[in-house]
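Notes for the one structure printed next.
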Amino acid sequence: MTTTDLTRADEARGLAELETEDLKHLLEQQMQVTADHVARLAAIWVELERRGEDMSRMRTGLAQYLPAVAARRLLPEAVVRLAGNRLALRAIASLEPDEQRRVLDAGSLLVVRATDTPADAVPLTLLTQADVRRAINPITGRSIPPEAQRQPARRIRQSTGFTHRVIVPLTEAEHRKLQDSAHRSQRSSAELIRQILKTDGTFS
């Protein structure tokens, strides 16, 4: 048995002696430590990119989320808590950081799955694609409250004055720069694009 094996065995015995509440507290602490490590990894990733390193071969698994973490578009806690659940992680990543924090703290999203029933508090790991479409607005970066989910989508758009949507293909680098600019200006990407179009006279 190696030294590492002995250490792990001792650690396992120590954990077995802890009370359940102490174990829960320890788990929360270790998850935060892991989130801090993810943030550090993201910073290293960005520095390597800045130096011109080709990181494409490493963009798999956890690493694929590091650019978003480095750009502060995605909370490292979200990566740790939702790792392995790409649907939930993509859904959270479409929210503004403050909204990500609120939803992560809640651990669930309120989703109206049937018009005449109360909203369900759906755990993030159990969200379906339909739930995400109902409960998250990727344009505003906010979750949609239950009362708004009960309105037909067309009526929601009309109530805000927006009735059309334009999809613009972007490269990874372009998307990252857009998100960075939006974060610095404390606006959503959609709001920033609309402001740019107003500034250059397109919407004058």
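Remarks
- A crude spin-label estimate for the pair ILE139 and ASN85, with each label 7 Å from Cα along the Cβ direction, gives 2.8 nm.
- Residue separation of THR20 and ALA148 scaled by 0.36 nm, minus their Cα-Cα distance, works out to 42.0 nm of gained length.
- Residues whose placed amide H lies under 5 Å from that of LEU95, excluding near-sequence neighbours: none
- In this calculation the C-beta distance from GLN29 to ALA114 is compared with R0 = 41 Å, giving a FRET efficiency of 0.55.
- Extending 7 Å from Cα along the Cβ direction at LEU48 and again at ALA63 yields two label points whose distance is 0.5 nm.
- Global form of the stretch 1-133, assessed from the alpha-carbon gyration tensor, a/c cut-off 1.5: oblate
Taken together, the values in this text are just the output of simple stated rules run on the coordinates, not laboratory data. Computed from a predicted model, the values in this text were never measured in an experiment. Cβ coordinates were reconstructed from backbone atoms using ideal geometry, including for glycine residues, and neighbour counts include every protein chain displayed.
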